[in-house]
Amino acid sequence: MSKNETFFVRLMAVVICMTPLYGEITVGLLTSIENNSKLRLLYQNATVMCEPFGIVTLEKMLLKGASPQECRSAIEAYYKAHPHDKQFAREHLYVQQSYHYETISEGCVLYANGTESYSEMLLRRGLALIDPQFNNSEWNGRLKRAQQGAQSQKIGLHDTQIRKFCIKEEK
């Protein structure tokens, strides 16, 4: 090989090796927590609403419940008996702390506990259910495992009548 060819091959090898270093890492500053399903992040001086992806939280169930009155009373009774669960986001996420996140078409993936997403944390605690319309091959297995853990331990809404009153079961 000539000197020019060798130089070009080496240059391409260096460029290929460095390409992953220039991938955009999206890190946002958590500015406020409205409730367990609505978070605000600041990214490059722009506010980003971050709603957990692929799940239906108790707060969303309140708005879209199958039996609105029964759903509201069941969720309020649950939160009264478990006040820490109503404050789950405030107890596990910290305002003015930076979090890695990414937006996908189904919502926002907030990595709140290492590689575990905030959606998985809510499912594992029984504070949400997987959205029936959610279908993402990358996340389906992880979300199902988190929800099955809560179901098998009967924690959160899996130990109540919330699912019966708040979720419209398709037949």
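The values are calculated or read from the model by the stated rules, or taken from the named source; none is laboratory data. Source: prediction; values computed, not measured. Heads up, the Cβs are rebuilt from the backbone with ideal geometry, glycines too, and the neighbour counts pull from every protein chain shown.
Of all residues in segment 106-136, those satisfying the criterion of being within 20 Å of Lys168 (Cβ to Cβ) and polar (S, T, N, Q) are Gln133, Asn135.
Does Lys64 satisfy the criteria of being under 29 Å from Lys154 (Cβ atoms), at pLDDT 90 or above and among the basic types (Lys, Arg)? So Lys64 fails the test. The set of residues from segment 96-130 being surrounded by 14 or more Cβ atoms within 10 Å (Cβ to Cβ), small (Gly, Ala, Ser) and not in a strand (DSSP E or B) comprises Ser119, Gly126. Taking residues in segment 119-147 that are in contact (Cβ under 8 Å) with a residue 24 or more places away in the chain, and partners anywhere that are hydrophobic (A, V, I, L, M, F, W, C) and exposed (fewer than 15 other Cβ atoms within 10 Å of the Cβ), the pairs with Cβ atoms closer than 8 Å and at least 6 places apart or on different chains are Asn136/Ile104.
When the residues of segment 1-33 are filtered to those that are surrounded by 12 or more Cβ atoms within 10 Å (Cβ to Cβ) and in contact with a strand residue (DSSP E or B) (Cβ under 8 Å, 6 or more places away or on another chain), which remaining residue is modelled with the lowest pLDDT? The residue in question is Thr26. Tally the residues that are crowded, with 22+ Cβ neighbours inside 10 Å and either in contact with a Leu (Cβ under 7 Å, 6 or more places away or on another chain) or among the aromatic types (Phe, Trp, Tyr) (or both), restricting the search to segment 51-64. Of the residues in that region, 6 qualify. Just for segment 72-95: of the residues that are closer than 17 Å to Leu30 by Cα and among the charged types (D, E, K, R), which one is surrounded by the most Cβ atoms within 10 Å (Cβ to Cβ)? The residue in question is Arg90. Given the structure, is Gln97 closer than 18 Å to Lys38 by Cβ and in contact with a strand residue (DSSP E or B) (Cβ under 8 Å, 6 or more places away or on another chain)? Against the criterion (closer than 18 Å to Lys38 by Cβ and in contact with a strand residue (DSSP E or B) (Cβ under 8 Å, 6 or more places away or on another chain)), Gln97 qualifies. Here segment 42-93 is the region considered, the condition is being more than 20 Å from Glu120 (Cα to Cα) and basic (Lys, Arg), and the residue that is nearest to the chain's Cα centre (by Cα) is Lys64.
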